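Some notes on the structure that comes next.
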Amino acid sequence: MTDLIRMEHVSKAYGKIQALKDVDFTVRENEIVGLLGDNGAGKSTLIKVLSGAVPSTSGDIYVRGKKVSIRSTTDAIANGIETIYQDSALVTQLSIARNLFLGREPVKGPRFLNRLDHAAMDAVARDLLKRVGISKNIPPSTPVGSLSGGERQAVAIARAMYFESDLIILDEPTNNLGVAETQGVLRFVRNARKSGHSCIFIAHNIHHVFQVVDRIVVMRGGRVVADDINPKETSVEDVERIITGMTDEELEQALGVNNH
Amino acid sequence: MENRSLIQRFVSKPEFGPLVLLVAEIAVFWSINPDFLSPLNISNTLSFTVELGLIALAMTLLMTAGEFDLSVGSVFGFAPVLMWTLFNSGITSLEVAFVIALAVAALIGLANGLFVTRIKISSFLVTLGMLLVVRGVALFISDGFPQRTWSAGQHWLAHVLVGDFYVGPFRIYMSLFWFIGFALLLGYVLTQTKAGNWIQATGGNPGAARARGVNVNRTKVLLFMLSATMASFAGVISSIRTSAANPNSGAGYELEVIAMVVIGGTALMGGRGTIIGTVLGVFILRVMRNGIVLIGVPGLAYNIFIGAIILGMMTLHSILERRHQAGT
């Protein structure tokens, strides 16, 4: 697999606090990477740099081998990087179709009329919702505010798929979701990979990450401490040890585990 | 089943509450005083309703984008004073004075918009400040005296803006057509165009809109300009109809306009707006003003009814919203 995104020697400081220290991070084509780390490990900052929410202090970002400058979310989207934060990426008052096309609405008729092509928007929305794996028949005119948390994630993922975002970053997509909804979101992520997209999947729940990713990257103290963990060959406990940096005994003590 | 869902959909529209209220209001006034629906009264009500209505239409778009404008009443008073001062003192022709009045209003809107979007001051404070500045300028340049406007006489501009004619027993003013035209145009913009989608997204979730490439700041600035320009247009119409440009006219209009928009179903905090609702809201308040006088309630009691209607409508909205979210 070739590299889709490569970050080299990326650092980010907030005043005196060094949030990222000389980080190298890669996502390959058609790959789902799980990004794990404890609170304050630097994973949120890494994602913010990649999605254009904050600029890095130093370091380079390459998309398909070409060096790019990402200074805003618009830059990131233009480079095929779409970030989906829980809830914040959608306008709840607008319909599914209007959200899907926000900022890139198709128009019809004379240009000066600026008229939305509702029929085309609805048709694409219906098809996308099916492709992303929503089995319920939800009309595209439904306001996003009346959808469940999982369905909202699906709409955001569908939008990233339609606009050919190469990399979809999912920040805590399974937070506050029930069991069935979580399974739904994991299915949406798998479907996104099936249609040729790469994903970065961030979640506090390691079990969710294990179910869906190809590779796990762990961050601690602003650095990448492991970047090629195969979830099929590694246990959840081992990954937890890497995340915390504790020995077996320390981890057991911290977790209050008693084997005897 | 299909019929039932159609009715349900109609009832769940934000415009349904205001429509019921307007129909009930008309029925009550008519039953107490049948003259309420006389051609003379309908003609009178329509003539002064549309002037505030024009401002309310623009305010609907601005409020949908999450901002509001308290300076519209002052601009309503200031623009005609400026226009007639320029004309009466022989500086320019009436046409040029009219264009200057609109352009200066657009600049006032531009200033409001830039203060809100660039310096990040809330629109409440910015437009409150602008309300005082603009009113002060109107009083200063006119020495507090009304400007005469009867010299408009047979000028073509006066005809185009407020000319009247009879359709059967009804006296119709041209301003009614301006109101209908702008209601159709802005309703189209809000619901059918790309710009409308941007306006709703700007008010609903500016962060998400910005991330999708929507120019949130420019959208807001343009809407502030529209709001001020429409207020000046309405002010000029009013000055010709009443034959005076009074620097104090329009005082308090800003709150009445916001009330009209909110009663019509547009969300105060942005994200959702309805032009049809605003048209209903405009008529609800104006019919109330006309009706209570006609049935013999002292005009000074008007505000009691308006306040009660706003409280009632907000309660209804809140109940419907909660039911909607509960999925019932």
*Grab the helices (runs of 4 or more DSSP H) fully contained in region B:160-222, keeping just those with 2 or more residues being more than 14 Å from every other protein chain (Cβ to nearest Cβ).*
B:174-192
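Please tell me if A:Ala78 is small (Gly, Ala, Ser), farther than 16 Å from A:Ile200 by Cα and in contact (Cβ under 8 Å) with a residue 60 or more places away in the chain. Don't jump to the end; show me each part of the working.
On the way: small (Gly, Ala, Ser): yes; farther than 16 Å from A:Ile200 by Cα: yes; in contact (Cβ under 8 Å) with a residue 60 or more places away in the chain: no.
Considered against the rule, which asks whether it is small (Gly, Ala, Ser), farther than 16 Å from A:Ile200 by Cα and in contact (Cβ under 8 Å) with a residue 60 or more places away in the chain, A:Ala78 comes out as no.
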*asked:* I'd like the full set of residues that are over 19 Å from A:Leu100 (Cα atoms) and of a type in the set (S, T, N, Q), limited to region A:55-89.
replied: A:Ser56, A:Thr57, A:Ser58, A:Ser69, A:Ser72
*asked:* Which numbered condition in (1) outside any helix (DSSP H, G or I); (2) of a type in the set (Gly, Ala, Ser); (3) surrounded by fewer than 22 Cβ atoms within 10 Å (Cβ to Cβ) is the only one that A:Ala119 fails?
replied: (1)
*Scan region A:213-222 for residues that are outside any strand (DSSP E or B) and in contact with a strand residue (DSSP E or B) (Cβ under 7 Å, 6 or more places away or on another chain) and report the count.*
3
*Residues of region A:1-51 classified as charged (D, E, K, R), in contact (Cβ under 8 Å) with a residue 40 or more places away in the chain, more than 16 Å from A:Ile169 (Cα to Cα) and not in a strand (DSSP E or B), total*: 1
_Subset of region A:115-141 (residues that are polar (S, T, N, Q) and in contact with an Asp or Glu (Cβ under 9 Å, 6 or more places away or on another chain))_ = A:Ser141
*Which residues, counting only those in region B:117-132, are without any contact (Cβ under 8 Å) to a residue 60 or more places away in the chain and among the hydrophobic types (A, V, I, L, M, F, W, C)?*
B:Ile119, B:Ile121, B:Phe124, B:Leu125, B:Val126, B:Leu128, B:Leu132
*With (1) within 22 Å of B:Ile309 (Cα to Cα); (2) β-branched (Val, Ile, Thr); (3) under 16 Å from the mean Cα position of the chain (by Cα) as the list, and B:Val72 as the residue in question, which single condition is left unmet?*
(1)
*Scan region A:52-74 and give yes if some residue there is away from chain B (no Cβ under 13 Å), closer than 22 Å to A:Pro173 by Cβ and not β-branched (Val, Ile, Thr), otherwise no.*
no
*Filter the helices (runs of 4 or more DSSP H) completely within region A:143-212 down to those with at least 2 residues that are on the phi < 0 side of the Ramachandran plot, at pLDDT below 85 and not aromatic (Phe, Trp, Tyr).*
A:149-162, A:179-194
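Please go through region A:148-165 and pick out each residue that is within 11 Å of another protein chain (Cβ to nearest Cβ) and either among the aliphatic types (A, V, I, L, M) or under 16 Å from A:Thr182 (Cα atoms) (or both). Give the derivation first.
Quick first cut of region A:148-165, residues within 11 Å of another protein chain (Cβ to nearest Cβ) only: A:148, A:156, A:159, A:163.
Once the filter is applied, which keeps residues that are within 11 Å of another protein chain (Cβ to nearest Cβ) and either among the aliphatic types (A, V, I, L, M) or under 16 Å from A:Thr182 (Cα atoms) (or both), region A:148-165 yields A:Ser148, A:Ala156.
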_Can you tell me which condition A:Asp127 does not meet? The list is (1) within 14 Å of another protein chain (Cβ to nearest Cβ); (2) surrounded by fewer than 16 Cβ atoms within 10 Å (Cβ to Cβ); (3) of a type in the set (Asp, Glu), and all the others hold._
(1)
_Can you tell me which residue is surrounded by the most Cβ atoms within 10 Å (Cβ to Cβ) among those in region A:198-226 that are farther than 18 Å from A:Asn30 by Cβ, touching a residue at least 60 places away in the same chain (Cβ under 8 Å) and not β-branched (Val, Ile, Thr)?_
A:Met219
*State which residue pairs qualify: first residue modelled with pLDDT under 85 and inside region B:148-166, second residue hydroxyl-bearing (Ser, Thr, Tyr) and loosely packed, with under 15 Cβ neighbours inside 10 Å in any location, beta carbons under 8 Å apart, and separation of 6 or more residues or different chains.*
B:Arg148/B:Ser243; B:Thr149/B:Ser243; B:Trp150/B:Ser243
*Some residue of region B:273-284 being within 14 Å of chain A (Cβ to nearest Cβ) and buried (at least 20 other Cβ atoms within 10 Å of the Cβ)*: yes
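Looking for whichever is surrounded by 24 or more Cβ atoms within 10 Å (Cβ to Cβ), in contact with a Lys or Arg (Cβ under 6 Å, 6 or more places away or on another chain) and within 14 Å of chain B (Cβ to nearest Cβ) here; the options are A:Leu35, A:Leu102. Which one fits? I'd like the intermediate steps shown before the answer.
Working: A:Leu35 fails: within 14 Å of chain B (Cβ to nearest Cβ).
Among A:Leu35, A:Leu102, only A:Leu102 is surrounded by 24 or more Cβ atoms within 10 Å (Cβ to Cβ), in contact with a Lys or Arg (Cβ under 6 Å, 6 or more places away or on another chain) and within 14 Å of chain B (Cβ to nearest Cβ).
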*asked:* B:Val236 - would you say it is under 25 Å from B:Ser175 (Cβ atoms) and of a type in the set (Val, Ile, Thr)?
replied: yes
*Considering (1) touching a Lys or Arg at 6+ places or on another chain (Cβ under 7 Å); (2) surrounded by 20 or more Cβ atoms within 10 Å (Cβ to Cβ); (3) within 19 Å of A:Val212 (Cβ to Cβ), say which one A:Gly133 fails and leave the rest.*
(2)
_Being more than 14 Å from chain A (Cβ to nearest Cβ) and surrounded by fewer than 20 Cβ atoms within 10 Å (Cβ to Cβ): is that true of B:Val293 here?_
yes
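Residue by residue through region A:122-142, note down the ones that are in a helix (DSSP H, G or I) and under 15 Å from A:Ser95 (Cβ atoms). Talk me through it step by step, then tell me what you get.
So in region A:122-142, the residues in a helix (DSSP H, G or I) come out as A:122-132.
Those that are in a helix (DSSP H, G or I) and under 15 Å from A:Ser95 (Cβ atoms): A:Asp122, A:Ala123, A:Val124, A:Ala125, A:Arg126, A:Leu128, A:Leu129.
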*Look at region B:132-147 and say how many of its residues are surrounded by 14 or more Cβ atoms within 10 Å (Cβ to Cβ) and outside any helix (DSSP H, G or I).*
2
*asked:* Among the numbered criteria (1) within 13 Å of another protein chain (Cβ to nearest Cβ); (2) out of contact with any Phe, Trp or Tyr (no Cβ under 6 Å at 6 or more places or on another chain), which one does A:Met121 miss?
replied: (2)
*Quick one: which helices (runs of 4 or more DSSP H) sit completely within region B:246-328 and have at least 2 residues that are out of contact with any helix residue (DSSP H, G or I) (no Cβ under 8 Å at 6 or more places or on another chain), at pLDDT 80 or above and more than 16 Å from B:Gly73 (Cβ to Cβ)?*
B:302-325
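The values are calculated or read from the model by the stated rules, or taken from the named source; none is laboratory data. The structure displayed is predicted, hence computed values, not measured ones. Cβ atoms come from the backbone with ideal geometry, glycine included; neighbour counts cover every protein chain shown.
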